[in-house]
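The values are calculated or read from the model by the stated rules, or taken from the named source; none is laboratory data. Note that the structure is a prediction, hence the values are computed from the model and not measured. As a convention, Cβ positions derive from the backbone with ideal geometry for all residues, glycine included, and neighbour counts pool all protein chains shown.
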């Protein structure tokens, strides 16, 4: 709804529009229990919100806002629901929230708030921040948006860069959901599903669509298909090799495959393609033992060749162990730690502990896990580590 | 079968911390409850009272006095009412207790409607 109204009134009124939508919803909440739901509830809400914005603009009294108000008042927004314009409005809104003028760390939050309809409290929880800090960040971001003249989905060269920013923002949104860094929850499905919904909108609509968007969507779907199986009944972390593959979501896997095929239509292989391919290899293996580690390592090699990342290197090393054993993997890990200081990185310590325990160095492995434990605030991860340490120490 | 009136008292609340999705979920709960009592043949009528003030009439020295309000200082207002039909208070309580209003901090005053006969 915010997207639809923002399109009509302009993004400079975003705050007002959000308030109006909120007011309309609260009005409905108070009224409909007694009067019953109107026939077209959504149209009622949007008309109500629209009228509130118009009232505000009229009260504001400046000529250009008055003009916008009268124009909007004359138009029936209901039509937008029928013509499927909503998604296009949302697409515009996504691009607006990921505008280069918005500070990078505010883009995900702004997108969640204005396109996803998340509350400030929910966003604060997702980003381990307090609601005052998030509210302040959003206010600043909206002020930046207000100063922007040209807010539409850009074209040509400009589009290429802007789309990359959008994809990056959605990638971060998904990852934040996929690996909640703190607290009791291991995954936040709502963030993952919102990222999927939004990237699907980008993938669907010209001019934004592009094979790399399909690749990102495929990656999300492959990962999301496994979400439910990453946690057991007691909320404990389950590693890929222990997950029940028959429980992977088949609808998402097949949609992922479809998107993965669509992603091959261009002549460019992006990082998203490579990451999606790694996820596809896992998704398509019948069981853990028959995983095509060779192919996975090739993808990681290519990713690392493009742009070195310590986290991807750690993943690559885990794959190397599957193919060539813990000794080769440990020496790769050693050369990585010489290159980058990872002594305070939980994933590094986790990998180190994992490889040492495979090699049979129980005591050293336990020490590495203990160091990782000190750096992991996520509760399921902590319990997982404690169990491993106990096992290693007990023998 | 007698009628009962459910007067829904509510405290003015700050809804700004609720996300649109959360509010939509609450609306859904009320609508579901309402449809259920309709389907069970218990629903008779309902009305929403407007939020803003109202008038308070008081007898005063042989005449009357009208004041705005009466809610300016009141902590609670009646947001609206339902009339339902039920065999007795037990059944009326049974119908009322599943009303989402209670879940969200509101109070329900339940009164039997006096019939003509």
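Only a single item in (1) over 30 Å from residue A:228 (Cβ atoms); (2) at pLDDT 85 or above; (3) surrounded by fewer than 21 Cβ atoms within 10 Å (Cβ to Cβ); (4) more than 14 Å from chain B (Cβ to nearest Cβ) is not met by residue A:162, and it is number (2). Considered as a group, the residues in the range A:108-142 that are without any contact (Cβ under 8 Å) to a residue 12 or more places away in the chain, touching a helix residue (DSSP H, G or I) at 6+ places or on another chain (Cβ under 9 Å) and away from chain B (no Cβ under 14 Å) include one that is nearest to residue A:5 (Cα to Cα), and that residue is A:133.
For the range A:348-377, a residue qualifies if it is part of a loop (DSSP other than H, G, I, E, B) and under 18 Å from residue A:328 (Cα atoms), and the qualifying residues are A:360, A:361. Taking the criterion of being modelled with pLDDT of 85 or more and surrounded by 14 or more Cβ atoms within 10 Å (Cβ to Cβ), the residues of the range B:39-58 that qualify are B:42, B:43, B:44, B:46, B:48, B:49.
Count of the range A:340-363 residues, restricted to those that are buried (at least 19 other Cβ atoms within 10 Å of the Cβ), farther than 16 Å from residue A:385 by Cα and more than 28 Å from the chain's Cα centre (by Cα), is 0.
All conditions in (1) in a helix (DSSP H, G or I); (2) more than 28 Å from residue A:261 (Cα to Cα) hold for residue A:298, with the sole exception of (2). Within the range B:11-37, residues that are closer than 13 Å to residue A:23 by Cα and more than 8 Å from every other protein chain (Cβ to nearest Cβ) have Cβ atoms under 9 Å from residues that are surrounded by fewer than 16 Cβ atoms within 10 Å (Cβ to Cβ) and at pLDDT 75 or above in these pairs: B:13/B:104; B:13/B:105, counting only partners at least 6 apart in sequence or on another chain. Looking across the range A:198-231 at every residue that is without any contact (Cβ under 8 Å) to a residue 60 or more places away in the chain and under 11 Å from residue A:170 (Cβ atoms), the one that is surrounded by the fewest Cβ atoms within 10 Å (Cβ to Cβ) is identified as A:200.
Of the residues making up the range B:2-38, those that are farther than 18 Å from residue A:1 by Cβ and modelled with pLDDT under 90 are B:9, B:10, B:11, B:12, B:13, B:14, B:17. Within the range A:246-271, the set of residues being under 15 Å from residue A:224 (Cβ atoms) and part of a helix (DSSP H, G or I) comprises A:247, A:250, A:251, A:252, A:253, A:254, A:255, A:256, A:257, A:258, A:259, A:260.
Just one of the numbered conditions (1) within 27 Å of residue A:116 (Cα to Cα); (2) modelled with pLDDT under 85; (3) touching a helix residue (DSSP H, G or I) at 6+ places or on another chain (Cβ under 9 Å) is not true of residue A:259: (2). Each residue in the range A:239-248 was checked for being surrounded by fewer than 17 Cβ atoms within 10 Å (Cβ to Cβ) and either touching a residue at least 12 places away in the same chain (Cβ under 8 Å) or within 23 Å of the chain's Cα centre (by Cα) (or both), and 6 pass.
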